[in-house]
Amino acid sequence: MVNPGLEVSEHFKVGDVDPRGASVDHTTTTDKARAIAGGVLEAVLTLTKR
């Protein structure tokens with residue numbers, strides 16, 4: 001999940017376990033990912049208006 005040779009600190013998070021189970025299409029975006037992306041977009045738009 002990370003590039004070979006990349007050094008990370010102990011307890012560094014490199015991924016999430018998808019809680020939706022095996023019956024879903026894992027190539028789709030999760031609700032959590034959409035919510036995070038929406039928050040980032042809102043922050044960027046807010047900061048660029050200054």
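The values are calculated or read from the model by the stated rules, or taken from the named source; none is laboratory data. Everything numeric in this text was worked out from a predicted model, so none of it was measured. Methodologically, a virtual Cβ is constructed for each residue, glycine included, from the backbone with ideal geometry; neighbour enumeration extends over all protein chains shown. The protein model used for the area step is the full one, side chains on, heavy atoms only, and it has no ligands, DNA or RNA in it. Shrake-Rupley method; radii C 1.70, N 1.55, O 1.52, S 1.80 Å.
Some points to look at:
- Surface accessible to a 1.4 Å probe, per residue, for the residues of the chain, Å²: 97 Å²
- Here the accessible area is traced with a 1.4 Å probe on the protein chains. For the chain, carbon and sulfur cover 60 percent of it.
- Given charges at Cβ of Lys, Arg, Asp, Glu: the chain dipole, positive-most of Ile36, Ala22, Phe12: Ile36
- Tail weight of P(r) past 13 Å, computed on alpha-carbon pairs of the chain, percent: 73 percent
- Pairwise label distance in nanometres, Ala33 with Val8, each label 7 Å out on the Cα-Cβ vector: 1.7 nm
- Ranked order, Asp31, Asp25 - accessible area, probe 1.4 Å, largest first: Asp31, Asp25
- Protein-only accessible surface order, largest first, of Arg20, Arg34, Arg50 at 1.4 Å: Arg50, Arg34, Arg20
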